[in-house]
Amino acid sequence: MKPRLHLLALASLALLSQAHAQSAQPTDSGNKLDRVEVTGSMLKRTDTETTAPVTILKREDILRAGATTLDELLRMDASVGTGGLDDIGTGNGFAAGTASISMRGMGSAATLVLINGRRMAPAGVVDPNSGQSTVFNVNAIPMSAIERVEILKSGASSLYGSDALAGVVNIILRNDYQGALVETNAKQRFDGLFRSQTANVMVGVGDIARDGYNLMLGAEIFIRDGVGINEAPNLVHGDLLTTLYSRLTPSSTSSYPGNLYTYNAGKAGSFRGMLSSSCATQGPVSSTVSTPRCLWDSTQYAQYTGDQKRGSVFARGSLAVGGATLSAELMASRVKNDYTDSPTSRTESLTTWGDSQGKTVQFMGLALPANHPDNPTRLASASNPVLLPNSTGTTTRYTAPTVMGLRYRFADLPYDYHTQADNVRAVISGSMTLAGWDIDGGLLHHYQKNTKQLTGRLSLSGLNKVLADGSYRFGGKNSPEVLAILSPALNDWGTAATSSLDLRGSRELWSMTGGAAMLGLGAELRHENFEVAADPRTAAGDIIGRGIGEARGSRNVSAAYAELALPFAKGLETQIALRAEHYTDFGNAVTAKLGAKYKLSDWAAVRGTWANGFRAPSLSQISTSSVFSFSSGYRDPRLCPTVNSANTNCSLSLSTVSLANPNLKPEKSDSYTLGLLLSPAQGMDVVLDAWYIERRGEVDRLSAQEILNRESQFPGMVMRLPPSAGETLGQVYQVRRPYQNLARSSAGGLDYEFSQRLGLAEYSRLKLSLKGTRMLSRKEQYEEGLPDIETLGYYKVPRDKLQISANWSQGDWSVTLSGNHQSGFQSFDADSSCDSTLTAAGYGNLCHMKAWRTADLSISYKGFKGIRLSGTVRNLADSRPPFDPNETEVGVSGGVANAYGRYLSVNASYEF
C-alpha cells in the first residue's frame, strides 16, 4: 500500500474510534465560554487571539466600510498588496472579468481563499502575461451572504494544503439566520459618476437549537455603471496625461476614414494623403508642412471602470438528527462584465502571429487593390493622372492603377469584451460529538465557467475576401452581412471544478499544567479539473494578431493532517501541525507548523510561529497547455551579432509560446511570525507582529529574448525555418518558453494595531484605533544564480499602509471617522529607470509617486424598529490619487489607488 493510504487510514480510524483508551478524561466544562474555530487551527477555542495573527472582519465592520464587492473590502486591509487581478478597468486581457487577492504583495497564487474553511475552484482562465494561473475569483461570492471574513496573515499549508504561502482568506457565510431582511445600497460620486446599486433579500426560519432545523434563502443583485475617461478627464491629473502622452488628443495616423501610404510588401510606406477629406480630426503632416493628415484619438474609449451586473442566490438548510447536525448549502452566481476599447486598426506594415499548432501566420499589411473602389488611383492613366499629396508638401503623380497601403481604423466595428462568470458551489456536511470527538465532514463540488465574447476583431480570411471583392467600403457605410464576414463574434471559454470529501475531528486528551491537551486529525480526498479553450477561429490563426490560451488537465489529491496542542505550563499555548499529501501529477508534499503563545501576565503575552508551505503547479502549468502571444523587436544574436538596421534578424516579429512542463516541482516557502500582545490599561490593546516569508522555486518563464540569447541551453525551444540556399542557419519564427522553477522572493515587515476603548457620559462609548503594516524588505531573484534585488519603495511596493480611526457610539447612533495612508514609491521597477518622457519634459519629480492620504466618515442609525440606516463618505477631501506615468490613459493603477475621488455610499435595511 502506498504511504498516502496509510496516512488516510490512520486519520480516519483515529477519528472514528471510541477513544476510550485515553488515560484521562477531558477537563470539566464547568461554566466555560463557547468555543469557536478560528482560521489557522482546527482546534476549537475561547480566545480568538491565536499563535498566528488573524484579522476578523465582522458583518458590522463590512457594513461600516461601505464596500460593495469582496475585492474592494479586502483591499482595505493593510496586509493585502499588489499582484492580484481586478475587474475594474479594461479587462485584464486573458483573465478579463476576474478579481483576486494578493497578500503581502506576493501574487494571488500565494493566497488561498476558502469558503467556510473549504477550498474554492479557481476561475477558468489562464493569463500568459503573469504566469500565475491559480486565480480565485472573489467577486463570485455575494456580499449579503457573508457573516464575517477571517484573514490569516501567515502560511498555513500544514492545515489547508497548497497555495497558503502568504496567507489565507476565509469567507464565513451566514448559517443560522432567522427572520426576513430586505437591504439596499447605492454608491456614487456627488457628480453622479461611479454609480452602483445593490439589493438583497434574506429569509430564514427555524432555530436549530430550539426547533431542530433552520432553513434560509437569500438573493442579491448588483449593478455597476462603467465610466469612461472622456466623462471625467481630470480625475487623475488629466492635464499632465495630455501634455506628456497626448491623452484625449487625436495623434494616431491609423484613423477613420484613414490615410494612404505607399505599399511595399509589409514594410512601412510613405504618406500619400488622406483617403477622404471628410476626416473630422485633421492635423498637419509636420510643423513645417501643412498638408493635412487624418488623425484619431485612440484613448477616447479608455475606461476607469467597466459595466458589471451580478446576480446570486444562496440557500442553506440544517437539520438536527439525534446528536448530529446535517447541513446542505448551495451558492450560485453569475457575474457579467462589459468593457470597451478603441476600434481595431491596421496599417500597411506586416503583422505576425500564429495558430494553436505553433505555425506562423502573417498579414502582409492593409493594401487597397489597384481596382478597389476606394483606391484613388483605380482610374489613373497617362492621359488622366492622379496627383496625391506627400509628406514634403508637394504631390506624387500616378499614371496607372497602383496598389496603395492604408492606415485605417475600423470605426464601424465596436471593440468590446463581454465576460461572464458562472459559479455553482454545493456542500453537504455533517457535524456531531462522538466519544469526546467533535467531528465534522463534508462533500463539496464547486464548478466555475468563464466565457468571454469578443467583438471587433478582424478575421484574416474575412478581410482578404472583402478586400478582393470590394464589398467593404473604407470610410463608408457597410451592411451587417459584410461586417459579420470581416469581424465574426468570438467566444472563448474555460471551466474549473473542484470536488472533495473531507473528514476531521478534534478532542481534549488529558489535563496538563496549562489546560487541556488537544488533538485534531483530518483527511481529504480531492479531484481538480481545469480546461480553457479559445474560439476555433482564433485557434486556427484566423484572427489577426490575437494571442491564444488553451489548457487541459485534471488530477487527484489525497491528504492527511494532524494538529496537537500541548500546554506544558500555565499560560502557555502551543500548536504543532503536520500535513502529508499526494498529487497524481507531481508527487508528494509534506508541510509542518510550530506555534506558541505565552501569557507573561494578565496584560502581556508573546507569540510566534514557523510554517513551511508549498504551492502545487497549476494545471495550466503542468498539464497539457500552451499559450501563444505575438510581438516584435526581438534580436537573434546568432544571425544579428551586431545590430544593423538593414538586417531583419535584428528586429524580428515572433510567435512566443508558454508551454506546460510536466517536470515542474512545487513552489516551497518558509514563513515566520513573532508577536507581542499587550493590554496595559483598561480598554487598551496593543498588538505587534513581525513577519517574514521566503518563497522558493517560483514557477515562471524566461523572456523570449533571454532564451534567444541562451539558445544552446534550451534545445528545441528556438524554432527556425530551414536555411535557404547558401545559408547554414535558418531564420527564427517562434520561441518556446517552458514554465520552470525559476525565481525566489521574500518579504518581511511589521503589523501593528493599537486600540483604546473609553466609556463616556450617558452611556456613550469611544474607540480609538491605529492599525497598519510597515514593510521592511521585499526582495526578488528572477533566476537562480542571479542576485536578489530589493524592490521595496519601487513600483507598487509601498513601505507603509495604515488606517487611524475613531468610533463614537451612543444608543442607536454610531459615527466613525478614519484616515488612510499609503506611502509613496518610485514609478519604475527596481531593475529599471524612470520613464524618459517625464525626464525629457522636465517632470522628473513625477518619477516618485507621492503618498496617498484619504479620510472617510461613516454614520449609522438603528432607532426605528427593524430598520438600519447608514451612510459612508469615502475620501472626504476628494484627494486625487498619485499620478502613475505607467498608466498613460487613466493615470492610476487599480492595485494601489482608484480614481473615484469623494463618493457616497448609503445603505438601508429592514428586518422583520
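Give G273, G218, G283, G266 a once-over and let me know the one that is among the small types (G, A, S), crowded, with 22+ Cβ neighbours inside 10 Å and over 30 Å from the mean Cα position of the chain (by Cα). On inspection, the qualifying residue turns out to be G273. All told, G494 meets the bar of being in contact (Cβ under 8 Å) with a residue 60 or more places away in the chain, surrounded by 21 or more Cβ atoms within 10 Å (Cβ to Cβ) and more than 30 Å from A611 (Cα to Cα).
Rundown of residues vs (1) within 29 Å of S814 (Cα to Cα); (2) of a type in the set (D, E, K, R); (3) not in a strand (DSSP E or B), yes/no style:
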{"site": "R880", "(1), (2), (3)": "yes, yes, yes"}
{"site": "D884", "(1), (2), (3)": "no, yes, yes"}
{"site": "A897", "(1), (2), (3)": "yes, no, yes"}
{"site": "S909", "(1), (2), (3)": "yes, no, no"}
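Which ones in the stretch 44-79 are in a strand (DSSP E or B) and in contact (Cβ under 8 Å) with a residue 60 or more places away in the chain?
Matches in the stretch 44-79: V54, T55, I56, L57, K58.
Note on the stretch 801-828: among residues that are in a loop (DSSP other than H, G, I, E, B) and modelled with pLDDT of 95 or more, the one that is surrounded by the fewest Cβ atoms within 10 Å (Cβ to Cβ) is G824.
Here is a yes/no grid of residues against (1) part of a strand (DSSP E or B); (2) of a type outside the set (S, T, N, Q); (3) out of contact with any helix residue (DSSP H, G or I) (no Cβ under 9 Å at 6 or more places or on another chain):
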| position | (1), (2), (3) |
| --- | --- |
| S356 | no, no, no |
| D374 | no, yes, yes |
| A382 | no, yes, yes |
| T396 | yes, no, yes |
| L406 | yes, yes, yes |
| D412 | no, yes, no |
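Among the strands (runs of 3 or more DSSP E) lying completely within the stretch 632-715, list those that include at least 1 residues that are hydrophobic (A, V, I, L, M, F, W, C), surrounded by fewer than 20 Cβ atoms within 10 Å (Cβ to Cβ) and modelled with pLDDT of 95 or more. In the stretch 632-715, 667-678, 684-700 are the strands (runs of 3 or more DSSP E) which contain 1 or more residues that are hydrophobic (A, V, I, L, M, F, W, C), surrounded by fewer than 20 Cβ atoms within 10 Å (Cβ to Cβ) and modelled with pLDDT of 95 or more.
Within the stretch 888-912, the only residue that satisfies the criterion of being among the acidic types (D, E) and surrounded by fewer than 17 Cβ atoms within 10 Å (Cβ to Cβ) is E911. Kindly establish whether N170 is under 29 Å from the mean Cα position of the chain (by Cα), in contact (Cβ under 8 Å) with a residue 60 or more places away in the chain, closer than 24 Å to N116 by Cβ and surrounded by fewer than 17 Cβ atoms within 10 Å (Cβ to Cβ). Here the answer is no, as N170 does not meet what is asked.
If the condition is being assigned to a loop (DSSP other than H, G, I, E, B) and surrounded by fewer than 24 Cβ atoms within 10 Å (Cβ to Cβ), then the stretch 608-631 contributes only S623.
Look at (1) in contact with a helix residue (DSSP H, G or I) (Cβ under 9 Å, 6 or more places away or on another chain); (2) assigned by TED's automatic domain parsing to the domain that holds R118; (3) without any contact (Cβ under 8 Å) to a residue 60 or more places away in the chain and you find that G441 fails only one, number (3). Looking only at residues of the stretch 834-869 that are farther than 30 Å from Q803 by Cα and of a type in the set (S, T, Y), we find that the one that is surrounded by the fewest Cβ atoms within 10 Å (Cβ to Cβ) is S836. Remark: pairs (first residue in the stretch 612-631, in the same structural domain as A123 (by TED's automatic domain parsing); second residue in a helix (DSSP H, G or I); Cβ separation under 6 Å; 6+ apart in sequence or on different chains) = G613/S157; F614/S157.
Conditions: (1) of a type in the set (V, I, T); (2) in contact with a Gly (Cβ under 7 Å, 6 or more places away or on another chain); (3) at pLDDT 95 or above. T305 meets all but one. Number of the miss? The failed condition is (3).
Annotation note: Cβ proximity below 8 Å between a residue of the stretch 277-288 that is assigned to a loop (DSSP other than H, G, I, E, B) and a residue that is basic (K, R) (sequence gap 6+ or interchain) occurs for V285/R293. Pairs meeting the criteria (first residue in the stretch 98-121 and within 18 Å of D86 (Cα to Cα), second residue in a helix (DSSP H, G or I) and of a type in the set (V, I, T), beta carbons under 8 Å, at least 6 apart or on different chains) are A99/V138; S100/V138; I101/V138; V113/V138. Tell me, yes or no, whether the stretch 842-851 has at least one residue that is touching a residue at least 40 places away in the same chain (Cβ under 8 Å) and basic (K, R). No.
For the stretch 496-531, filtered to residues that are modelled with pLDDT under 95 and touching a Lys or Arg at 6+ places or on another chain (Cβ under 6 Å), the residue that is nearest to Q420 (Cα to Cα) is E531.
For the stretch 812-823, state whether one or more residues are farther than 20 Å from L768 by Cα and in the same structural domain as F864 (by TED's automatic domain parsing).
Step one: list which residues in the stretch 812-823 are farther than 20 Å from L768 by Cα, which gives 823.
Next cut, in the same structural domain as F864 (by TED's automatic domain parsing) only: 823.
Scanning the stretch 812-823 turns up at least one residue that is farther than 20 Å from L768 by Cα and in the same structural domain as F864 (by TED's automatic domain parsing).
Residues that are aliphatic (A, V, I, L, M) and either out of contact with any Phe, Trp or Tyr (no Cβ under 6 Å at 6 or more places or on another chain) or surrounded by fewer than 21 Cβ atoms within 10 Å (Cβ to Cβ) (or both) within the stretch 506-533 comprise L509, M512, A516, M518, L519, L521, A523, L525, V532, A533, listed in sequence order.
Restricted to the stretch 459-564, the set of helices (runs of 4 or more DSSP H) holding at least 2 residues that are closer than 30 Å to R334 by Cβ comprises 480-486, 536-539. Residue-level check: of (1) over 30 Å from G436 (Cβ atoms); (2) in contact with a Phe, Trp or Tyr (Cβ under 9 Å, 6 or more places away or on another chain); (3) not aromatic (F, W, Y), S318 misses just (1).
Only residues that are of a type in the set (D, E) and more than 22 Å from T495 (Cα to Cα): list them for the stretch 134-169, please. Listed by number, the residues that qualify are E147, E150. Considering (1) of a type outside the set (K, R); (2) at pLDDT 95 or above; (3) farther than 30 Å from V427 by Cβ, the lone condition that L241 does not fulfil carries the number (2). I'd like to know if the stretch 730-743 contains one or more residues that are out of contact with any Lys or Arg (no Cβ under 7 Å at 6 or more places or on another chain), at pLDDT 95 or above and of a type outside the set (V, I, T). Within the stretch 730-743, not a single residue is out of contact with any Lys or Arg (no Cβ under 7 Å at 6 or more places or on another chain), at pLDDT 95 or above and of a type outside the set (V, I, T). Given the criteria in contact (Cβ under 8 Å) with a residue 40 or more places away in the chain and over 30 Å from R457 (Cβ atoms), does L388 qualify? Against the criterion (in contact (Cβ under 8 Å) with a residue 40 or more places away in the chain and over 30 Å from R457 (Cβ atoms)), L388 qualifies. The set of residues from the stretch 289-325 being within 30 Å of T98 (Cβ to Cβ) and not in a strand (DSSP E or B) comprises D297, S298, T299, Q300, Y301, A302, G306.
The one condition from (1) under 16 Å from R45 (Cβ atoms); (2) surrounded by fewer than 20 Cβ atoms within 10 Å (Cβ to Cβ); (3) charged (D, E, K, R) that E563 does not meet is (2).
The values are calculated or read from the model by the stated rules, or taken from the named source; none is laboratory data. Please read all numbers here as calculations on a predicted model, not as lab measurements. Please note: Cβ atoms are built from the backbone with ideal geometry, for glycine as well, and neighbour counts cover all protein chains shown.
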